[in-house]
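*Asks:* Submitted below is the structure of interest, expressed as structure tokens.
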Amino acid sequence: MDRFKIEGGRRLEGTVQISGAKNAALPAMAAALLTSGTVRLQNIPHVRDIITMAKLLAHMRCRVESPDIPPSEFIIQAEDVSHAEAPYELVKTMRASVLTLGPLVARFGYARVSLPGGCSIGARPIDLHIQALEKLGATISVEHGYVEARAERLRGTTFRFPKITVTGTENILTAAVLAEGETVLENCALEPEIADLAELLVKMGAEIEGAGTPTIRVQGVEKLHGATHAVIPDRIEAGTFLVAGAITGGELLLTDCEPGHLTAIIGKLKECGVEIECEGNGSLRVRAAKKLVAADVNTEEYPGFATDMQAQFMALATQAHGVSHIRETIFENRFLHASEMMRMGANITIDGNLAVVTGPTPLSGAPVTASDLRASAGLVLAGLVADNTTWIDRVYHIDRGYEQIEVKLRDVGARIERVTASS
Ligand code: EPZ
């Protein structure tokens with residue numbers, strides 16, 4: 001298993017190119033199941049979850065090609081899908097495999113997808129995906145750890161999500177586009193990845209209004225066709241590098257990002273004293289604060305402060321003057337990084353879903369273990385300011401969602417290397 005070795009204390013300076021959004025690319029890849037035409041997806045990040053989704057589509061007998069090395073474009077054609085099944089072996093490594101459920105049942109009238117089960121950040125059920133598909137007329141059975149969905153043709157309906165869910169909205173949107181008649185989805189997630197998915201679906205011939213607002217209206221069509229689409233930039237990767245610049249006392253220019261998707265994150269960092277400016281053409285400049293000050297954060301659905309930035313913000317809070325209250329409202333167990341940061345000297349107390357961080361505290365390099373994707377990013381950021389050496393175990397978590405993070409950090413001055421098990 002690979003580990004990262006970080007020698008902290010270096011000021012980061014230079015330019016970082018932001019990759020395409022993993023969480024936009026995954027539903028876009030699943031949406032290719034909706035047509036026998038060729039779907040060409042661009043700006044796809046080269047991360048492990050994307051490789052898993054490509055494997056899953058290939059398992060279903062889709063043609064999946066990628067002309068570049070490393071791949072940033074995927075050509076997917078789901079002409080013959082003889083295996084409408086997402087097996088446990090793949091779903092257990094990536095929950096987003098569940099995004100194939102909606103498209104499969106909508107186009108083929110049958111889908112068998114392993115239940116994802118819990119993960120380190122919470123129970124993460126998919127009951128709302130199932131409820132909505134049932135409302136669209138699918139017959140669902142959950143047996144032997146698999147969800148089986150059948151429908152001759154899905155029928156348009158009105159469904160109000162009792163709770164906001166990102167992949168739930170995506171799954172049901174991709175089912176409704178081929179349903180008969182009109183579907184109205186209420187209390188939908190507003191994340192930019194939803195609007196991006198809708199843009200792809202419209203290019204494929206779908207009729208959708210209101211994506212990116214709480215109410216999405218879909219007029220079902222008989223058939224969709226191929227399309228070409230470049231996915232949006234990764235707002236969480238961009239947010240992570242904003243913190244990297246701020247926490248190391250550095251100055252970074254981020255290119256190829258979408259500042260409009262980062263409003264809450266930029267607002268919170270500015271509240272801490274960090275200087276951030278838009279430089280046009282999707283570029284953001286971050287300069288460290290003259291004096292970094294504490295700020296309180298509640299994670300919220302978009303457009304609020306993203307739960308996917310909570311661990312990175314916690315790393316920053318350890319270096320800020322004062323007391324930061326960080327409340328996690330989306331997932332019930334997303335503070336596993338806190339105890340690792342405490343082992344590095346951070347002053348953090350946890351009370352249920354509230355973390356209280358008192359700073360600044362000098363961090364000292366230590367061996368730590370990554371527990372999930374964003375927790376790993378938080379630990380990398382902590383390692384960048386810690387003295388001596390920080391070893392981060394289980395970096396396969398970070399490889400799921402950050403494209404070559406150690407290379408991008410090294411290019412702007414960090415001392416970080418990947419140590420493979422055999423070296
Ligand atoms: C998406 O997960 C993202 N994943 C997550 O990114 C992100 O943390 C999360 O949204 C919140 O922003 C992808 O886009 C692939 P939810 P998702 O359904 O869709 C509960 C990362 O690090 N819920 O919006 O699975 C659920 O348990 C990750 O890149 C139900 O109760 O999240 C949670 O408490 C991790 N029943 C809340 O809703 C359901 O049927 C929000 O979850 C569905 C969800």
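Read-outs throughout are calculated quantities, based only on the coordinates presented, and are distinct from any laboratory measurement. Computed from a predicted structure; not experimentally measured. Please note: Cβ atoms are built from the backbone with ideal geometry, for glycine as well, and neighbour counts cover all protein chains shown.
*Asks:* Using alpha-carbon positions, what is the distance between the centroids of region 108-128 and region 308-360, in Å?
*Replies:* Each part's Cα centre sits 29 Å from the other's.
*Asks:* Fewest Cβ neighbours within 10 Å first, please rank His46, His129 accordingly.
*Replies:* So the ranking, lowest neighbour count to highest, is His46, His129.
*Asks:* Starting from the amide H of Gly212, placed 1.01 Å from N in the peptide plane, find each other amide H under 5 Å away whose residue is 5 or more places distant or on another chain.
*Replies:* Amide H to amide H, under 5 Å and 5 or more residues apart or across chains, Gly212 pairs with Ala195.
*Asks:* Which ³J(HN,Hα) values in Hz, rounded to whole numbers, follow from the phi angles of region 261-272 under the Karplus curve 6.51 cos²θ - 1.76 cosθ + 1.60, where θ = phi - 60° and Gly and Pro get x?
*Replies:* Karplus-based 3J(HN,Hα) across region 261-272 equals 8, 10, 4, 5, 5, 4, x, 5, 5, 5, 4, 7 Hz.
*Asks:* Kirkwood hydrodynamic radius of region 318-423 from all distinct Cα pairs, in Å?
*Replies:* When all Cα pairs of region 318-423 are included, the Kirkwood radius is 14.5 Å.
*Asks:* Counting only GluC sites (Glu not before Pro) that are in a DSSP loop and have at most 11 other C-beta atoms within 10 Å, tell me the longest site-free stretch of the chain.
*Replies:* Numbers: sites that count: Glu79, Glu152, Glu222.
My reading of the result: 223-423 is the longest stretch.
*Asks:* Quote the charge dipole size of region 207-265 about the Cα centre in Debye, to the nearest 20; the model charges only the Cβ of Lys and Arg (+1) and of Asp and Glu (-1).
*Replies:* Roughly 140 debye, rounded to the nearest 20.
*Asks:* Report the extension gain between Asp68 and Thr15 in nm, rounded to one decimal, defined as 0.36 nm multiplied by the number of residues separating them, less their alpha carbon distance.
*Replies:* Net length gain for the segment: 16.8 nm.
*Asks:* Once you wrap a convex hull around the alpha carbon atoms of region 24-87, what is its projected area averaged over all directions, in nm²?
*Replies:* Over every viewing direction, the Cα hull of region 24-87 projects on average to 3.9 nm².
*Asks:* Give me, ordered by chain and number, the residues 5 or more places off Ala21 or on other chains with an amide H under 5 Å from its own placed amide H.
*Replies:* When sequence neighbours closer than 5 places are left aside, the close amide H contacts are Ile232, Asp234.
*Asks:* Can you compute 3J(HN,Hα) from phi for each residue in region 298-311, using the Karplus curve 6.51 cos²θ - 1.76 cosθ + 1.60 with θ = phi - 60°, rounded to whole Hz and x for Gly and Pro?
*Replies:* With coefficients 6.51, -1.76 and 1.60, one gets 10, 6, 8, 5, 4, x, x, 6, 5, 4, 6, 10, 5, 5 Hz.
*Asks:* Quickly work out the Leu354-to-Ile51 label distance, labels modelled 7 Å from Cα along the C-beta direction, and quote it in nm with one decimal.
*Replies:* In this crude label model, Ile51 to Leu354 measures out at 4.3 nm.
*Asks:* Turning to a different aspect of this structure: Kirkwood hydrodynamic radius (Cα pairs, Å) of region 329-390? Please list the in-between numbers first.
*Replies:* Working: mean 1/r = 0.0841 Å⁻¹.
Hydrodynamic radius (Kirkwood, Cα only) of region 329-390 equals 11.9 Å.
*Asks:* Another one. Short version: ³J(HN,Hα) in whole Hz for each residue of region 130-138, in order, from phi by Karplus 6.51 cos²θ - 1.76 cosθ + 1.60 (θ = phi - 60°), x for Gly and Pro, what are they?
*Replies:* Running phi through 6.51 cos²θ - 1.76 cosθ + 1.60 with θ = phi - 60° gives 5, 4, 5, 5, 4, 4, 7, x, 7 Hz.
*Asks:* Averaged over all directions, how much area does the convex hull of the C-alpha atoms of the chain cover when projected, in nm²?
*Replies:* Directional mean of the projected Cα hull area for the chain stands at 18.7 nm².
*Asks:* Treating only the Cα positions of region 222-355 as identical point scatterers, give the base-10 log of I(q)/I(0) from the Debye formula at each q in 0.09, 0.13 Å⁻¹.
*Replies:* With one equal scatterer per Cα and no solvent, log10 I(q)/I(0) is -0.29, -0.56.
*Asks:* May I ask for the Kirkwood hydrodynamic radius of region 50-141, worked out over all distinct Cα pairs and given in angstroms to one decimal? All intermediate terms of the calculation are to be shown ahead of the outcome.
*Replies:* Details: mean 1/r = 0.0704 Å⁻¹.
Roughly 14.2 Å, rounded to one decimal.
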